[in-house]
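Reading through the structure tokens given below for one structure.
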Amino acid sequence: MRVFLPTLVAITSCQMTEIPVKGPPLARVEVAPEHKPAPRKPNVTRTYRGKASYYSIRTNGGATTASGQRLRNSAYTAAHPTLPMGTRVRVTNLRNGKSAVVRINDRGPYIKDRIIDVTIGVARHLKMITAGVVPCKVEVLKK
């Protein structure tokens, strides 16, 4: 067993000086090798790629979604043509890598090549307001 005497290291004027400290000698402490956490299990069940657009109360023509819930521009919700209501998905703007987790509570979009409509609040987060329509990835998350 190696024994180390406790010392303080003081750096003054770019010069290192050891200052002895009173007390019993310290025993060598074995440090466990660095532990890397186990890789997380993927929580994605399916992935879609296509185009995303956004909508709001003004563009929706009403304030009610297909699920019967009131549409809120700031809510992290979206419309998808086939996913079950309440499904959580991660939408990623492929132009800038920004992503947001949203809940499906409406149906749409009804325009060819678009796979999801997000609320205007989510669109702001994804930085897609100016473009209006962006290439995206939609990952369906496990419950």
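When ILE111, ILE120, ILE104 are sorted by how many other C-beta atoms sit within 10 angstrom of their C-beta, beginning with the fewest, the order is ILE111, ILE120, ILE104.
Here's how it looks for CYS136: its modeled amide H is under 5 Å from those of GLY50, LYS51, ALA52, LEU94, which are all 5 or more places away or on a different chain. Remark: segment 128-141, residue by residue, has Karplus-estimated 3J(HN,Hα) of 10, 4, 5, 6, x, 10, 9, x, 9, 10, 10, 10, 7, 9 Hz, where x stands for each Gly or Pro and the curve is 6.51 cos²θ - 1.76 cosθ + 1.60 at θ = phi - 60°.
A simple count of charges around GLN69, restricted to other residues whose Cβ falls under 14 Å of its Cβ and scoring Lys, Arg +1 and Asp, Glu -1, yields +3.
Computing FRET efficiency as 1/(1 + (r/R0)^6) for VAL101 and ARG58, where r is the C-beta to C-beta distance and R0 is 25 Å, gives about 0.55. Sorting THR65, THR82, THR119 from the fewest to the most surrounding beta carbons within 10 angstrom yields THR82, THR65, THR119. Taking label positions 7 Å along the Cα-Cβ direction at both LYS143 and ARG49, the computed distance is 3.0 nm, reported to one decimal.
Every number here is computed from the coordinates shown, using simple stated rules; none is lab data. The model shown is predicted, which means the values in this text are computed figures rather than measured ones. A quick note on method: Cβ atoms are made from the backbone with ideal geometry, for glycine too, and the neighbour counts reach across all protein chains shown.
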